[in-house]
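**Student:** Take this structure, written in structure tokens, and hold onto it; I'll ask about it next.
The values are calculated or read from the model by the stated rules, or taken from the named source; none is laboratory data. Given the structure is predicted, the values throughout are model-derived calculations rather than measurements. Cβ: placed from backbone, ideal geometry, glycine included. Neighbour counts: every protein chain shown.
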Amino acid sequence: MTNSVDPKAVTAAAVAAFGISKRFPGVIANDDVNFEVRVGEVHALLGENGAGKTTLSNILTGLYRPDAGHLEIAGSPVVLDSPREAIEAGIGMVHQHFRLIPTFTVAENIALGAPRVGEGPALRMGVIEERIRELGQRFELDVDPRARIWQLSVGEQQRVEILKVLYRDATTLIMDEPTAVLTPIEAEALTSTIRSLTDQGRSVIFISHKLGEVLSVADRITVLRQGRSVATLDADGATREQLASIMVGREVERVERRGTGALPGAPVVLAVEDLSADGDRGTPALRSVSFEVRGGEIVAVAGVAGNGQRELVEVLAGLRPRTSGVIDVDGELMARADARHPIRMGVAYVPQDRLGTGLAPDLSIAENLVLKRYRRPPVARPPFLRSSVIDAEAETLMAQFDVRAPSSHTPTRRLSGGNVQKVLLAREMSGRPKVLVVSTPTQGLDIGAVATVHRLLLDAAAEGVGVLLVSEDLDEVLALADRILVMYEGTITGAVEAEQASIESIGVLMGGGAAEDVA
């Protein structure tokens, strides 16, 4: 393990960064960072949120210029003043959120911004399509160049993103959370593709929060902490616990539940029967979904994004009307689509979009914590709010849920992602709900914040709350859930007891396989 780059190894480096520093007003994003990726290597870049990974990536791709330090490509110093210069130097970025035009074909998307093929001003689509086919076969990225993006699966769209940078002759690819929206089968295919890239002399910088995935795909790992490169080590022989402690600077508890189940005789607090609903385009998104959640039980809903999970939680929260079906909360029927009605019935909701849907970013922490209770005592003495009570309750909840901020009057938009999520959970759980509906609760959070959120969900279940956890992270699902429901194209394709589940069995169901295919 070392904190600096070996000068002898740099001579063979595809890309190297020496003493990189970058400052923004009030923040040192990168502080004397050293990093290098060798030719034919998968080099993982780890760190908590705010550790400096994004800033370093932006410097490597020409979006930022460092305040100090320099870059080298193949041993030669370079200055990258723009993304175009980075691409011309052989560095390409595969973004977590795809940057594709849905109505364009694969070839049209790949050709956008790329050097023209052949003579003259007109694009020669036949030549472009043929080159895409050749690249697809060469790197195990087969996709129809004439297919339109909206017709492709998520995994196929990611192939298009990789082909975009290969089409521009990138020799070093930066992959940002590349498996975040993939099924386990698609993630395995991506691993095979990455190995094909490195076998043919490409280099890959792999950014991910999934430590098991990093250990399985990476050759070496560099960890950033508080803007500094604190360690570089071989993946072979490293452990999750070791990486986690390096990332946060202390030992991190691994939170697991796996199949403890509801208490014997626990009542059903949420019963859904034959629930159907339309999506934003007016077409069916949920099709006859039925399930139950008991008090003290964590039931997870797994699936690739876009298979009805968002519509399901929005119907349960009263934000989307259902076209048919019954919702029963602790013996009381949910009669209408009205966001206030589920709240009165005891349904708490933590949405995926924390600041867009869950909280008001310009309001203070204290104001957000009482948004669902501001009309009732003791928070209010209508028509007036009781500021002293609001502040006192906010301080208590911030301590209880470990919300770290200068004060309860801090605007919520200034908080880190982990603290934003803790504010949301504090508000929802302090209302003593019967049911807690949580959507992708740890997406984008660092390992320390993930452990805190997991512990809060387990605490809720221990207090008898029925938890419906919607997540695309199978490690999270397997660690926390008692039962797992898998959604595919708006239906539940299978229900599995967590103790008998595996990533492989869940992956089959997530891809549309039948329950009898899981053995």
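**Student:** Pick out the one residue from A405, A501, A460, A449 that is modelled with pLDDT under 85 and within 25 Å of A392 (Cα to Cα). Break it down stepwise before answering.
**Tutor:** Details: A405 fails: modelled with pLDDT under 85; A501 fails: within 25 Å of A392 (Cα to Cα); A460 fails: modelled with pLDDT under 85.
The unique qualifying residue is A449.
**Student:** Please determine whether any residue of segment 482-498 is surrounded by 23 or more Cβ atoms within 10 Å (Cβ to Cβ), among the β-branched types (V, I, T), in contact (Cβ under 8 Å) with a residue 40 or more places away in the chain and within 23 Å of E213 (Cα to Cα).
**Tutor:** Scanning segment 482-498 turns up at least one residue that is surrounded by 23 or more Cβ atoms within 10 Å (Cβ to Cβ), among the β-branched types (V, I, T), in contact (Cβ under 8 Å) with a residue 40 or more places away in the chain and within 23 Å of E213 (Cα to Cα).
**Student:** Counting just the residues of segment 117-129 that are assigned to a helix (DSSP H, G or I) and closer than 14 Å to T105 by Cβ, which one comes out modelled with the lowest pLDDT?
**Tutor:** Residues of segment 117-129 assigned to a helix (DSSP H, G or I): 125-129.
Of the ones still in play, those that are also closer than 14 Å to T105 by Cβ are 125-126, 128-129.
Numbers: M125: 84, G126: 88, I128: 90, E129: 92.
Ranking the candidates gives M125 first.
**Student:** Another one. From G50, G40, grab the single residue that is in contact with a strand residue (DSSP E or B) (Cβ under 9 Å, 6 or more places away or on another chain), part of a loop (DSSP other than H, G, I, E, B) and within 19 Å of R228 (Cβ to Cβ). Walk me through it before giving the result.
**Tutor:** Values: G40 fails: within 19 Å of R228 (Cβ to Cβ).
On inspection, the qualifying residue turns out to be G50.
**Student:** Out of contact with any Cys (no Cβ under 9 Å at 6 or more places or on another chain), closer than 23 Å to G295 by Cβ and not in a loop (DSSP other than H, G, I, E, B) - does that describe any residue in segment 444-451?
**Tutor:** Filtering segment 444-451 for residues out of contact with any Cys (no Cβ under 9 Å at 6 or more places or on another chain) gives 444-451.
The next check asks that each one be closer than 23 Å to G295 by Cβ; those that pass are none.
No, segment 444-451 has no match at all.
**Student:** Right, another one. Tell me whether segment 216-232 contains one or more residues that are among the aliphatic types (A, V, I, L, M), modelled with pLDDT of 85 or more, out of contact with any Lys or Arg (no Cβ under 7 Å at 6 or more places or on another chain) and within 25 Å of R159 (Cβ to Cβ).
**Tutor:** Kept after step one, since they are among the aliphatic types (A, V, I, L, M), are these residues of segment 216-232: 217-218, 221, 223-224, 230-231.
Filter once more, so that each one left must be modelled with pLDDT of 85 or more: 217-218, 221, 223-224, 230-231.
Then keep just the ones that are out of contact with any Lys or Arg (no Cβ under 7 Å at 6 or more places or on another chain); that gives 217-218, 221, 223, 230-231.
Within this subset, residues satisfying the condition of being within 25 Å of R159 (Cβ to Cβ) are 217-218.
Yes, segment 216-232 has at least one match.
**Student:** Pairs only if they're at least six apart or on different chains, beta carbon under 9 angstrom, first in segment 462-480 and of a type in the set (K, R) and assigned to a loop (DSSP other than H, G, I, E, B), second surrounded by 24 or more Cβ atoms within 10 Å (Cβ to Cβ) and at pLDDT 95 or above; list them, first residue then second.
**Tutor:** Listed pairs, sorted by first residue: none to list.
**Student:** Looking at G69, G75, can you tell me which residue is modelled with pLDDT of 95 or more and over 30 Å from N419 (Cα atoms)? Before you say what the answer is, go through the steps one by one.
**Tutor:** Values: G75 fails: modelled with pLDDT of 95 or more.
Answer to the check: G69.
**Student:** Next question. Is it true that S245 is surrounded by 14 or more Cβ atoms within 10 Å (Cβ to Cβ), modelled with pLDDT of 80 or more, assigned by TED's automatic domain parsing to the domain that holds G494 and not acidic (D, E)?
**Tutor:** Working: surrounded by 14 or more Cβ atoms within 10 Å (Cβ to Cβ): yes; modelled with pLDDT of 80 or more: yes; assigned by TED's automatic domain parsing to the domain that holds G494: no; not acidic (D, E): yes.
When the stated conditions are applied, S245 does not pass them.
Matching residues to (1) assigned by TED's automatic domain parsing to the domain that holds E292; (2) touching a Gly at 6+ places or on another chain (Cβ under 6 Å); (3) closer than 26 Å to A266 by Cα:
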| residue | (1), (2), (3) |
| --- | --- |
| V313 | yes, no, yes |
| A317 | yes, no, yes |
| G325 | yes, no, yes |
| E332 | yes, no, yes |
| D338 | yes, yes, no |
| P342 | yes, yes, yes |
| Q352 | no, no, no |
| P361 | no, no, no |
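**Student:** What tally of residues in segment 376-405 results from selecting those that are part of a loop (DSSP other than H, G, I, E, B), under 35 Å from the mean Cα position of the chain (by Cα) and not hydrophobic (A, V, I, L, M, F, W, C)?
**Tutor:** 2
**Student:** Counting residues that are more than 22 Å from G62 (Cα to Cα), which strands (runs of 3 or more DSSP E) fully inside segment 153-257 reach at least 1? Don't jump to the end; show me each part of the working.
**Tutor:** Details: elements: 172-176, 203-207, 220-225, 228-234.
Filter on segment 153-257 gives 220-225, 228-234.
**Student:** Restricting segment 291-324 to residues that are within 27 Å of the chain's Cα centre (by Cα) and part of a strand (DSSP E or B), which is modelled with the lowest pLDDT?
**Tutor:** Filtering first and then ranking leaves A302.
**Student:** Oh, and also: Of V106, V127, which residue is surrounded by fewer than 20 Cβ atoms within 10 Å (Cβ to Cβ), more than 30 Å from D31 (Cβ to Cβ) and of a type in the set (A, V, I, L, M, F, W, C)?
**Tutor:** Result: V127 is the single residue among V106, V127 that is surrounded by fewer than 20 Cβ atoms within 10 Å (Cβ to Cβ), more than 30 Å from D31 (Cβ to Cβ) and of a type in the set (A, V, I, L, M, F, W, C).
**Student:** Separate question: What are the residues in segment 44-68 that are on the phi > 0 side of the Ramachandran plot and crowded, with 19+ Cβ neighbours inside 10 Å, if any?
**Tutor:** Matches in segment 44-68: G47, G52, G62.
**Student:** Checking A335 against (1) outside any strand (DSSP E or B); (2) touching a residue at least 12 places away in the same chain (Cβ under 8 Å); (3) surrounded by fewer than 23 Cβ atoms within 10 Å (Cβ to Cβ); (4) touching a helix residue (DSSP H, G or I) at 6+ places or on another chain (Cβ under 8 Å), which test does it fail?
**Tutor:** With respect to (1) outside any strand (DSSP E or B); (2) touching a residue at least 12 places away in the same chain (Cβ under 8 Å); (3) surrounded by fewer than 23 Cβ atoms within 10 Å (Cβ to Cβ); (4) touching a helix residue (DSSP H, G or I) at 6+ places or on another chain (Cβ under 8 Å), A335 is out only on (2).
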